[in-house]
Amino acid sequence: MTELLADYGLFLAKLLTLAAIIVIVAGAVAGMARRQQHEPELLIERLNDRYENMALAIKRATLGHDAWKKLRKEARARDKARRKGEGPSSRVFVLDFRGDIRASATTSLREEISAVLTAAEEGDRVLLRLENAGGTVHEHGLAASQLARLRSAGLHLTVAVDKVAASGGYLMAVMADRILAAPFAILGSIGVIAQLPNFHRWLEARGVDFEQVTAGRYKRTLTVFGENTEAAREKLREELEDIHQLFRDEVARHRDSLDVEAVATGEAWYGTRALELKLVDELGTSDDWLMKAAGEADLLHVRWRVKRRLPEKIAHRATAAWNGLVDALADRVWRDRLVR
């Protein structure tokens, strides 16, 4: 019996020790999370340096020792001259926007644009690398309005589309002075869609009533659980047509050479065809554009980064995973639509 109690006491001591370790670790993690800096920061990278370093790395591997030393000396001289203000007189601010259904990158975009506007001088330009298949109307409308701030300030804006700028993404693209697209990038989809499932018959078959009370004739049109009426459907169609008209008007205002009525059908086109329809101004990739500009301007990649606490990181990753799932489903719909 004494031996049993001793074993039990030893087990209990181990258990309490393990619990104490867990509590200490959890406390340490929580303390670290509380001590984390939450101040957002603006990150600036000079892309010219990246291209020059890539070129030097290749040349170092292919040239002789003396030739390499000469090139390295020249690169240092150029860098020294730049630091003295003897480099390119103009600058290109490079921004990125990778969209999702909710255009969540707008939060960073608005801060980046505000930073650019505080520092921009005459002759500076902006390149936005845009990848956006569209989503909610009001959030993509806000993203487009942020880009309109650049044009209002007199900054020349080029939007480069390497993959997709469709629907709300194209609404953003038309804010540019010039649109550049890769030959197989997807552009257009000037249309509006609303869809939702309805479980009314399924609930009715199981004897479940759904009650919905509203004040205001059109407070709610279509519903997920109630019985939808033709009047409600017609009202929703009117709302969609109104949004579509606003979309068309905005495109026409910024792309006066475009036959909006011919392309505002909800269809999307690849870059080559989009050029023929004047949805874009030229074909090419953002890489080509930047490498050409590197010889005549300082390329400054501007990014706004917000540090998050541990719980916020977990929530952000969960949200990102959900958005990734939604985007994957949307991408599947695009592929099916285009293949057919």
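Filter region 170-218 down to residues that are among the polar types (S, T, N, Q) and free of Cβ contacts under 8 Å to residues at least 12 places away in the same chain and give me whichever is nearest to A160 (Cα to Cα). Restricting to residues being among the polar types (S, T, N, Q) and free of Cβ contacts under 8 Å to residues at least 12 places away in the same chain, the top hit is Q195. Only residues that are assigned to a helix (DSSP H, G or I) and surrounded by fewer than 12 Cβ atoms within 10 Å (Cβ to Cβ) were counted in region 209-232, giving 2. Of everything in region 168-183 that is touching a helix residue (DSSP H, G or I) at 6+ places or on another chain (Cβ under 6 Å) and part of a loop (DSSP other than H, G, I, E, B), the residue that is farthest from E139 (Cα to Cα) is P183. Counting only residues that are touching a residue at least 40 places away in the same chain (Cβ under 8 Å) and in a helix (DSSP H, G or I), region 242-258 holds 7 of them.
Could you count how many residues in region 260-302 are of a type in the set (A, V, I, L, M, F, W, C), within 20 Å of Q245 (Cα to Cα) and outside any helix (DSSP H, G or I)? I'd like the intermediate steps shown before the answer.
Step one: of region 260-302, the residues of a type in the set (A, V, I, L, M, F, W, C) are 260, 262-264, 268-269, 274-275, 277, 279-280, 283, 289-291, 293-294, 297, 299-300, 302.
Then drop every residue that is not within 20 Å of Q245 (Cα to Cα), which leaves 260, 262-264, 268, 277, 279.
Keeping just the survivors that are outside any helix (DSSP H, G or I) gives 264, 268, 277, 279.
So the answer is 4.
Just need a number here: residues in region 87-118 that are under 8 Å from the mean Cα position of the chain (by Cα), closer than 16 Å to A176 by Cα and buried (at least 20 other Cβ atoms within 10 Å of the Cβ). Residues that pass the stated criteria total 1. Per the listing A176, A181, A166, the residue uniquely closer than 18 Å to G266 by Cβ and crowded, with 24+ Cβ neighbours inside 10 Å is A166.
Within region 129-140, being touching a helix residue (DSSP H, G or I) at 6+ places or on another chain (Cβ under 7 Å) and in a helix (DSSP H, G or I) holds for V137, E139, H140. Given the residues A148, A160, which is the only one that is of a type outside the set (S, T, N, Q) and either touching a helix residue (DSSP H, G or I) at 6+ places or on another chain (Cβ under 7 Å) or surrounded by 24 or more Cβ atoms within 10 Å (Cβ to Cβ) (or both)? After applying the criteria, what remains is A160. All of R46, R82 fail the test of being closer than 17 Å to D298 by Cβ, within 33 Å of the chain's Cα centre (by Cα) and at pLDDT 85 or above, apart from R46. Residues in region 259-284 that are buried (at least 18 other Cβ atoms within 10 Å of the Cβ) and either among the hydroxyl-bearing types (S, T, Y) or over 30 Å from A119 (Cβ atoms) (or both): V263, A264, A268, W269, G271, A274, L275, L279. Among the criteria (1) farther than 18 Å from W269 by Cβ; (2) not in a strand (DSSP E or B), the one G191 does not fulfil is (1).
The values are calculated or read from the model by the stated rules, or taken from the named source; none is laboratory data. Bear in mind the structure is a predicted one, so any value in this text is a computation, not a measurement. For neighbour counting, all protein chains shown are included, and Cβ atoms are generated from backbone atoms with ideal geometry for every residue, glycine included.
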